[in-house]
Amino acid sequence: MPSLVIIGAQWGDEGKGKIVDALADQADVVVRFQGGDNAGHTVFHDGQKFVFHILPCGILRPRAMNLIGGGVVVNPTKLTEELAAIRLPESAWRRRLRISGEAHLILDCHLALDQAAEARRGSLKIGTTQRGIGPAYADRAARTGVRMGDSLEPDYFRARVKICLDSHRALLPKERAREVCDVEKVTEETLALLKPFRDLIVDTGVLLDTARRNGKHILYEGAQGTMLDIGAGTYPYVTSSHTIAGGVCVGTGIGPHAIDRILGVSKAYATRVGEGPFTTELHDATGEILRSIGGEYGATTKRPRRCGWLDIVQLRRAARLNSLDGLILTKLDVLDGLEQIGVCTAYRCGGKRYTEWPANPVDLAKAEPVYTFLPGWKQTTTGATIFQQLPASARAYINQIEHWLDLPVVMISNGQDRKQLITRRKVF
Ligand code: IMP
């Protein structure tokens, strides 16, 4: 399938980095279409670990062209730092990277606004990554944003920076405003940072259309997850971009027919970082076990992740929102030692039973999970290279998930290593 979309089916951190990394071997083009450096995609290359925040996962592969689409928000300082950290010769990354002129910039004022807004919210804070993501997208919607392509004309760029900073100066403490809202300083510093990228600015839609017509394999790399989508997620505890498959079109400049297959990535259990509803969260020893065995600490912020059982009500919503063709189940091995494994198949709230996501946010916040417990397998799954080698109870667990969701589980990740991946169907 030439155009494949990989989407987080839960609240992010599903292990998309490893999956995209494994699939990138076959990709001619790897594309980020939303989010910014709030993402943290861990990949292993030549035995070395890399965490990509803003660069697409194919950047280390000579064959792949890597695109940052117009739906992404780019912090030029972070982009520069990340390129320096991967120690790729400049000539190599210049050959492999292109950026949409429509991508909006994250400036220092956006970081300051993000921090100030979180501090103001107090106990109602969202728990953002404090990377300036929300304020940059807010500027985009308010038409006060500054775009990558604006940097091609310095005078125009200065005018855009002025509009942006003028709209924020009064909202920040005086001292902070002086630091981050000086038009001349921000213009000069940002233009200097963007200089190496100016000739990499393209219309990603045109490039993708040409690639598709030439039969190239295109991999769209989702960041965050379905339940963090600005529209369909657990609003207001969401990120500010469209994390669902529809985000590919609005974030790159292609139409829906240019997508051939959409796969969702889900852990074999569930996690979430930051605040917001999480019906299957475990506050007990099992939650602790999942956190410690699963290494559930944020790749970007290092915060401990909230852990819980798999939630079929939530995944059913993800399957529908994304038109999922299949599921990729990750971290199966984290469940290896457990006696029994819970799966939430419905919610209960105020005497009502929900098998679909509650429309009422107050019901959602109060919802109790209805669990089915399946037997654990109490043996290692990590050595299995084909489905049939998995313990019978692990196979039964996966078959049951397929049945509940009416969706095939096409790949299973059973360890950190790139090779610890069971492929049941060719997906790309
Ligand atoms: P923001 O994207 O920094 O505005 O944060 C909004 C919410 O999305 C917070 O709950 C974050 O923890 C969450 N979030 C943002 N990026 C990621 C991610 O890559 N993985 C998991 N959660 C994320």
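The values are calculated or read from the model by the stated rules, or taken from the named source; none is laboratory data. Only a predicted model underlies this, so the values are computations on that prediction, with no experimental measurement involved. We place every Cβ from the backbone using ideal geometry, glycine too, and count neighbours over all the protein chains shown.
Please work out which residue is nearest to Val313 (Cα to Cα), limiting yourself to the range 255-278 and to residues that are more than 16 Å from the ligand (Cβ to nearest atom) and crowded, with 24+ Cβ neighbours inside 10 Å.
Per the stated criteria, the residue is Ala268.
Any idea which residue in the range 115-149 is surrounded by the fewest Cβ atoms within 10 Å (Cβ to Cβ), counting only those that are of a type in the set (A, V, I, L, M, F, W, C) and within 13 Å of the ligand (Cβ to nearest atom)?
Leu124
Any residue at all in the range 289-299 that is on the phi > 0 side of the Ramachandran plot and of a type outside the set (Asp, Glu)?
Checked against the condition, which is being on the phi > 0 side of the Ramachandran plot and of a type outside the set (Asp, Glu), the range 289-299 yields at least one hit.
Condition check ((1) crowded, with 19+ Cβ neighbours inside 10 Å; (2) closer than 12 Å to Gly326 by Cβ; (3) in the same structural domain as Trp309 (by TED's automatic domain parsing)) across all residues:
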| residue | (1), (2), (3) |
| --- | --- |
| Thr381 | yes, no, yes |
| Phe387 | no, no, yes |
| Ala394 | yes, no, yes |
| Tyr397 | yes, no, yes |
| Met411 | yes, yes, yes |
| Asn414 | yes, no, yes |
| Arg418 | no, no, yes |
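Scan the range 52-62 and give yes if some residue there is farther than 22 Å from His242 by Cβ, surrounded by fewer than 21 Cβ atoms within 10 Å (Cβ to Cβ) and of a type in the set (Lys, Arg), otherwise no.
Within the range 52-62, one or more residues are farther than 22 Å from His242 by Cβ, surrounded by fewer than 21 Cβ atoms within 10 Å (Cβ to Cβ) and of a type in the set (Lys, Arg).
Looking at Gly415, is it farther than 20 Å from Ala24 by Cα, modelled with pLDDT under 95, in a loop (DSSP other than H, G, I, E, B) and of a type outside the set (Phe, Trp, Tyr)?
So Gly415 fails the test.
Based on this model, can you work out whether Gly383 counts as touching a residue at least 40 places away in the same chain (Cβ under 8 Å) and not in a helix (DSSP H, G or I)?
Against the criterion (touching a residue at least 40 places away in the same chain (Cβ under 8 Å) and not in a helix (DSSP H, G or I)), Gly383 does not qualify.
Got a sec? Which strands (runs of 3 or more DSSP E) wholly within the range 11-114 have at least 2 residues that are closer than 27 Å to Ile422 by Cα?
Hits in the range 11-114: 29-32, 41-45, 48-52, 65-68.
Here is a check on your reading of the model: is Val206 closer than 20 Å to Ala116 by Cα, modelled with pLDDT of 95 or more and either not in a loop (DSSP other than H, G, I, E, B) or not assigned by TED's automatic domain parsing to the domain that holds Glu153 (or both)?
No, not satisfied.
More than 16 Å from the ligand (Cβ to nearest atom) and in a helix (DSSP H, G or I): does that describe Ala170?
yes
So which of Asp155, Asp150 is part of a helix (DSSP H, G or I), acidic (Asp, Glu) and out of contact with any Gly (no Cβ under 9 Å at 6 or more places or on another chain)? Give the steps one after another, and end with the answer.
Working: Asp150 fails: out of contact with any Gly (no Cβ under 9 Å at 6 or more places or on another chain).
Step by step, each of Asp155, Asp150 is checked, and only Asp155 is part of a helix (DSSP H, G or I), acidic (Asp, Glu) and out of contact with any Gly (no Cβ under 9 Å at 6 or more places or on another chain).
Show the residue pairs meeting these rules: Cβ distance below 9 Å; 6+ apart or different chains; first residue within the range 299-322 and at pLDDT below 95 and within 16 Å of the ligand (Cβ to nearest atom); second residue among the β-branched types (Val, Ile, Thr) and not in a loop (DSSP other than H, G, I, E, B).
Ala299/Thr42; Ala299/Val51; Thr300/Val51
If you check Gly342, Gly376, Gly351, which single one turns out to be of a type outside the set (Val, Ile, Thr) and without any contact (Cβ under 8 Å) to a residue 12 or more places away in the chain?
Answer to the selection: Gly351.
Scan the range 37-45 and tell me whether some residue there is outside the structural domain of Leu321 (by TED's automatic domain parsing), of a type in the set (S, T, N, Q) and without any contact (Cβ under 8 Å) to a residue 24 or more places away in the chain.
Residues of the range 37-45 outside the structural domain of Leu321 (by TED's automatic domain parsing): 37-45.
Of the ones still in play, those that are also of a type in the set (S, T, N, Q) are 38, 42.
If we keep only those that are without any contact (Cβ under 8 Å) to a residue 24 or more places away in the chain as well, we get none.
Within the range 37-45 (the criterion being outside the structural domain of Leu321 (by TED's automatic domain parsing), of a type in the set (S, T, N, Q) and without any contact (Cβ under 8 Å) to a residue 24 or more places away in the chain), the answer is no, since none of the residues qualifies.
Kindly establish whether Pro369 is surrounded by 15 or more Cβ atoms within 10 Å (Cβ to Cβ), touching a helix residue (DSSP H, G or I) at 6+ places or on another chain (Cβ under 9 Å) and not in a loop (DSSP other than H, G, I, E, B).
Spelling it out, Pro369 is indeed surrounded by 15 or more Cβ atoms within 10 Å (Cβ to Cβ), touching a helix residue (DSSP H, G or I) at 6+ places or on another chain (Cβ under 9 Å) and not in a loop (DSSP other than H, G, I, E, B).
From Glu90, Glu14, grab the single residue that is crowded, with 24+ Cβ neighbours inside 10 Å and either touching a Gly at 6+ places or on another chain (Cβ under 8 Å) or within 27 Å of Asp150 (Cβ to Cβ) (or both).
Just a single option satisfies the conditions, and that option is Glu14.
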